[in-house]
Amino acid sequence: MSTYLKRSLETLASRNPAQDLFMQAVTEVFESLEPLLAEIPDIEAKAILERISEPERQIMFRVSWVDDRGRIQVNRGYRVGFSSALGPYKGGMRFHPSVKLDVIKFLAFEQIFKNSLTGLGIGGGKGGSDFDPKGKSDGEVMRFCQAFMSELYHFVGEDTDVPAGDIGVGAREIGYLAGQYKRLTKSFAQGVLTGKQVGLGGSLARKEATGFGAVYFAAEMLATRDDSLKGKNCVVSGSGNVAIYCARKIQELGGKVLAMSDSSGSIHDPAGIDLDIVSALKEVERARIDEYPKRRHGSKFFPEQKVWDFPCDVAFPCATQNELSLDDAKALLENGCIAVIEGANMPTQPEAISLLRQKDALFAPGKAANAGGVAVSALEMQQNAALQNWTFAQVDERLKTIMAEIHKDCTFYANKYRRPDDYVFGANVAGFLKVAEAVNCYGVI
Ligand code: GLU
């Protein structure tokens, strides 16, 4: 490793103690940049790595609210504006008990490069709270969202920072956040949040975009080996928004989804998962996935298994960070898996990625493969700004083109630096170069 790279990572680690996820995300990107450092001396001379890895701003705030039993609850809210080099901070908000500054910073950092890859003029940010939506009533979720926005509204705006959803935040939560923003600012301000319900100015196909996009990316990748998803056995971890629409698109393209999961365990259905049941359970009833076998003959629930334990050709981690370990990668490879496509953010541990690459399995990193969600968020911003509503087919077509472009950019840089099929390298370099150029152009700010 070059001395500049080493020094940058060491300084970062000492400045950010106990932020393992953030360091994991930065290390992966920085290691990819090694071959560029000698070629572009300005990266070091202009302190690009130091500037790109220090968030522009990090906001933390108290969120107090009253639960259904009249008790006062206190959570912590976060919004990290990591980089506005390419546009306003853009990225989702995660409501989950595991949320802490480390989680938000790693996500915001990933978002910089993901958003750069979309080519749509959006910076990188992320936010959220350690609020646990599980088991909360609709009224509690609404009161929490209102309390959260009562502080956040000072910092967001269509040219400043445009939040959206992530784990635990969907169209319902975005609606409550938008309502409070509107109440506090007396402005309709459609452009301040994306992932809105269509009736509030949301884009058609936004809900589907992350999952669909990951599958479009997978199809592009498989096509480089004259292969496709047709007839492939697939497993998809998770059963949230990303997982459900990833699974739907796999089925549409002729693949079979054998397993899905949630935090309680996995379901396996040899006939192929019935997504109407999963959608009803997850999107309507907000129930656990162990209900599925009760409604579907021949399927089974496994509380101790991960979806990676079931034989498959293609795996889509669509749940959460670091959910696919080295042992999981071994199990996948032993069962003949040929490709892993990340629908979630950083779900595959670094050692697992190395093994998959060593064994010549295709691997798509989240910042490329799951960029479809934020890309359609940017299309939502475009529609709002132009007072337009595009059809589902128009948005889906744009999404498909954007995913194909991202795939092209990744392979271009992977091939240029003689690392064919290295999508991690290609995505990091392609994402970085645009941001670095912008940082350089602005001068020292
Ligand atoms: N949370 C999503 C992501 O990880 C979407 C962000 C957005 O739409 O702004 O990219």
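The values are calculated or read from the model by the stated rules, or taken from the named source; none is laboratory data. Just so it is clear, the model here is predicted, and its values are computed rather than measured. Neighbour counts run over all protein chains shown; Cβ positions are idealised from the backbone, glycine included.
Among residues of region 97-113 that are among the acidic types (Asp, Glu), those with a Cβ under 9 angstrom from a residue that is assigned to a helix (DSSP H, G or I), sequence gap 6+ or separate chain, pair up as Asp102/Asp20; Asp102/Leu21; Asp102/Phe22; Asp102/Met23; Glu110/Ala25; Glu110/Val29; Glu110/Gly366; Glu110/Lys367. With respect to the conditions (1) surrounded by fewer than 23 Cβ atoms within 10 Å (Cβ to Cβ); (2) within 15 Å of the ligand (Cβ to nearest atom); (3) acidic (Asp, Glu), Asp166 lacks only one, and its number is (1). Checked against the criteria, Phe363 counts as farther than 10 Å from Thr118 by Cβ, more than 13 Å from the ligand (Cβ to nearest atom) and in contact with a strand residue (DSSP E or B) (Cβ under 7 Å, 6 or more places away or on another chain).
Contact map, region 254-266: first residue within 15 Å of Arg286 (Cα to Cα), second residue of a type in the set (Lys, Arg), Cβ cut-off under 6 Å, separation 6 or more or different chains; pairs are Ser264/Arg288.
For region 147-157, the count of residues that are more than 16 Å from the ligand (Cβ to nearest atom), among the β-branched types (Val, Ile, Thr) and more than 15 Å from the chain's Cα centre (by Cα) is zero.
Out of all the residues in region 9-26, which are free of Cβ contacts under 8 Å to residues at least 24 places away in the same chain and either of a type in the set (A, V, I, L, M, F, W, C) or surrounded by 15 or more Cβ atoms within 10 Å (Cβ to Cβ) (or both)? Hits for region 9-26 are Leu9, Ala13, Met23.
Here's the yes/no breakdown for (1) away from the ligand (no atom under 16 Å from the Cβ); (2) hydrophobic (A, V, I, L, M, F, W, C); (3) under 24 Å from Val278 (Cα atoms):
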residue	(1), (2), (3)
Pro311	yes, no, yes
Pro317	no, no, yes
Pro350	yes, no, no
Ala375	no, yes, no
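If only residues of region 321-337 that are surrounded by 19 or more Cβ atoms within 10 Å (Cβ to Cβ) and of a type in the set (Asp, Glu) are counted, the one that is nearest to Asp166 (Cα to Cα) is Glu323.
Close Cβ contacts (under 8 Å, 6 or more residues apart or on different chains) running from residues in region 30-41 that are without any contact (Cβ under 8 Å) to a residue 60 or more places away in the chain to residues that are among the charged types (D, E, K, R) comprise Leu37/Glu44. Tell me yes or no: at least one residue of region 421-435 is assigned to a loop (DSSP other than H, G, I, E, B), of a type in the set (Asp, Glu) and modelled with pLDDT of 95 or more. Within region 421-435, one or more residues are assigned to a loop (DSSP other than H, G, I, E, B), of a type in the set (Asp, Glu) and modelled with pLDDT of 95 or more.
Taking the criterion of being of a type in the set (Val, Ile, Thr), over 17 Å from Gln24 (Cα atoms) and in contact (Cβ under 8 Å) with a residue 40 or more places away in the chain, the residues of region 339-390 that qualify are Ile341, Val374, Val376.
From Thr194, Thr224, which residue is more than 20 Å from the chain's Cα centre (by Cα) and either closer than 29 Å to Ala427 by Cβ or among the small types (Gly, Ala, Ser) (or both)? Thr224 is the lone residue from the list that is more than 20 Å from the chain's Cα centre (by Cα) and either closer than 29 Å to Ala427 by Cβ or among the small types (Gly, Ala, Ser) (or both).
Of the strands (runs of 3 or more DSSP E) lying entirely inside region 50-115, those carrying at least 1 residues that are within 16 Å of the ligand (Cβ to nearest atom) and of a type in the set (S, T, N, Q) are 72-83.
The residue of region 74-102 that is surrounded by the fewest Cβ atoms within 10 Å (Cβ to Cβ), among those that are over 28 Å from Ile445 (Cα atoms) and either of a type in the set (Ser, Thr, Tyr) or in contact with a Ser or Thr (Cβ under 7 Å, 6 or more places away or on another chain) (or both), is Val74. Which members of region 377-403 meet the condition of being hydrophobic (A, V, I, L, M, F, W, C) and surrounded by 15 or more Cβ atoms within 10 Å (Cβ to Cβ)? Hits for region 377-403 are Ala378, Leu379, Met381, Trp390, Val395, Leu399, Ile402, Met403.
Selection of region 299-320 for residues being of a type outside the set (Lys, Arg) and surrounded by fewer than 19 Cβ atoms within 10 Å (Cβ to Cβ) yields Phe301, Phe302, Pro303, Glu304, Gln305, Asp309, Pro311. Residues in region 116-130 that are near the ligand (Cβ under 10 Å from one of its atoms) and within 19 Å of Cys441 (Cβ to Cβ) were compared, and the one that is surrounded by the most Cβ atoms within 10 Å (Cβ to Cβ) is Gly124.
When we screen Cys234, Cys312 for residues that are under 30 Å from Ala25 (Cα atoms), touching a helix residue (DSSP H, G or I) at 6+ places or on another chain (Cβ under 6 Å) and not small (Gly, Ala, Ser), the only hit is Cys234.
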